[in-house]
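Following: one structure in structure tokens, then a few remarks.
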Amino acid sequence: MLKYQELINKMTLEEKASLLSGKDFWQTRDIKKYGIPSMFLADGPHGIRKQMADADHLGLNPSYEATSFPTSVSMANTFDVDLIQRVGIALGKEATGQRVSVLLGPGTNIKRDPRCGRNFEYFSEDPYLAGMMTAAHISGVQQSGVSACAKHFAVNNQEFRRLVIDAVVDERALREIYLQPFEIAVKQGNTKTIMSAYNKVNGQYANENEYILNKVLREDWNYEGLVVTDWGGNNDRVLAMKCNSDLEMPTTASETNYDVVRAVESGDLDEAQLDKVVDRILTIIFDTEKAFENVEEVDFNAHHQLAREVL
């Protein structure tokens, strides 16, 4: 029995499919007649970036006031999980203050190449340290009732040809090095959201990868939370659904939602699978919405002092 089975039963096929992708760059779709609010997802791993005007990839439009904490590489240098959890708590409070439901971080990938342009967002080349820092960060953020989002799942360790590269890795290295931090994020951090990566893993795009999404994440680790694409990281929406990738971001103007509708109508996709994905989306929407019922005023001075303490 799904958590929101009764609500899902009231929805048409098209209404259910409409929830599968964003309504704009940062927000999910709302359905007012069912009381389903939109959910805001925002960067970032070490400071919230919620823009005041239309979103842009370069971050040119101004953002709301937020604390800029040291980057993940600096935080990992502390080897202090309690300190990093305190940073997460501060980020969670700032997220609720800005009505951000999902904070897109921390970056959980392993450092493998010094030329990787996003190494500053990742904690370490050591899987255990990366995992423990990730879990501390997540547990802190989620104390406020919003969701953290471990990213980018998985084997996303370079920026060159990031959208198309095929990360070929054997089973032992995959499990012991590249996946271990994410496993700790799931089992110890209890992350509510995971972001899939752009790249391929052993020949199959991560967002449509049966092995890492179904076998590892859902079956081996018993993960029940939300999987969201990286922005523009969908390649085959129906295949992704079959692999239990839930939410596609940003908006697709409903184009890929129609792919799902047609797949259900043709029998290529079981509607029960669609319902399961919709239930996970509704769960994160309604669970995080509770965080905004009693929002505390953010003490930016205290957060600035915490940022200095990390340094």
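Going by accessible surface with a 1.4 Å probe and the largest first, D126, D230 read D126, D230. Just check the chain against the gyration tensor rule for me: Cα atoms, a ≥ b ≥ c as the square roots of the eigenvalues, rounded for a/c under 1.5, and otherwise prolate or oblate depending on whether a/b exceeds b/c. Here the chain falls in the oblate category.
When only Cα pairs below 8 angstrom with a gap of at least 6 residues are kept, the chain shows a relative contact order of 22 percent.
Extension gain, Y211 to M1: 0.36 nm times the residue separation minus the Cα-Cα distance gives 73.1 nm. Applying 0.36 nm per residue to the separation of K290 and D126 and subtracting their alpha-carbon distance, the gain on full extension is 55.5 nm.
In segment 120-176, which GluC sites (Glu not before Pro) are in a loop and have at most 16 other Cβ atoms within 10 Å, using DSSP for the loop call? Those that pass, being in a loop and sparsely packed, are E125, E159. Packing-based ranking of 128-138, 187-197 yields 128-138, 187-197, ordered from highest to lowest mean Cβ neighbour count within 10 Å.
Among the trypsin sites (Lys or Arg not before Pro) in segment 39-129, those located in a DSSP loop and surrounded by at most 14 other Cβ atoms within 10 Å of their own Cβ are R115.
In this structure segment 5-115 gives 44 Å² per residue of accessible area when probed at 1.4 Å with all protein chains present. Can you give the % of DSSP beta bridges in the chain that are antiparallel, to the nearest 5? Just about 30 percent of them are antiparallel.
Here the chain is treated with +1 on each Lys and Arg Cβ and -1 on each Asp and Glu Cβ, and its dipole about the Cα centre works out to around 220 debye.
Per DSSP helix of 4 or more residues, -39500 (n - 2.57); summed, then divided by the residues of the chain. What does that give at 222 nm, rounded to the nearest 500? Using -39500 (n - 2.57) per qualifying helix, the result is -10000 deg cm²/dmol. Sparsely packed loop sites in segment 1-86 (the chymotrypsin sites (Phe, Trp or Tyr not before Pro) outside DSSP H, G, I, E and B with at most 16 other Cβ atoms within 10 Å) comprise F25, Y64, F79.
Averaging Cα coordinates gives a centre for segment 237-311 and one for segment 166-199; these two points are 19 Å apart.
Does a label point 7 Å from the Cα of E219, set along Cα-to-beta-carbon, have any residues of segment 166-194 with amide nitrogen under 17 Å, and which are they? Of the residues in segment 166-194, 171-172, 175 have backbone N under 17 Å from the label point off E219. Beta bridges assigned by DSSP with both partners in segment 153-249 are antiparallel in approximately 20 percent of cases. Rounded to the nearest 0.05, the FRET efficiency derived from the C-beta distance between D270 and F25 at R0 = 41 Å is 0.85.
The values are calculated or read from the model by the stated rules, or taken from the named source; none is laboratory data. In this text the structure is predicted, and so the values were computed from the model without any measurement. Glycine also receives a Cβ, built like all others from the backbone with ideal geometry; neighbour counts cover every protein chain displayed. Just the protein is used for accessible areas: all its heavy atoms, side chains included, with ligands, DNA and RNA removed. Shrake-Rupley method; radii C 1.70, N 1.55, O 1.52, S 1.80 Å.
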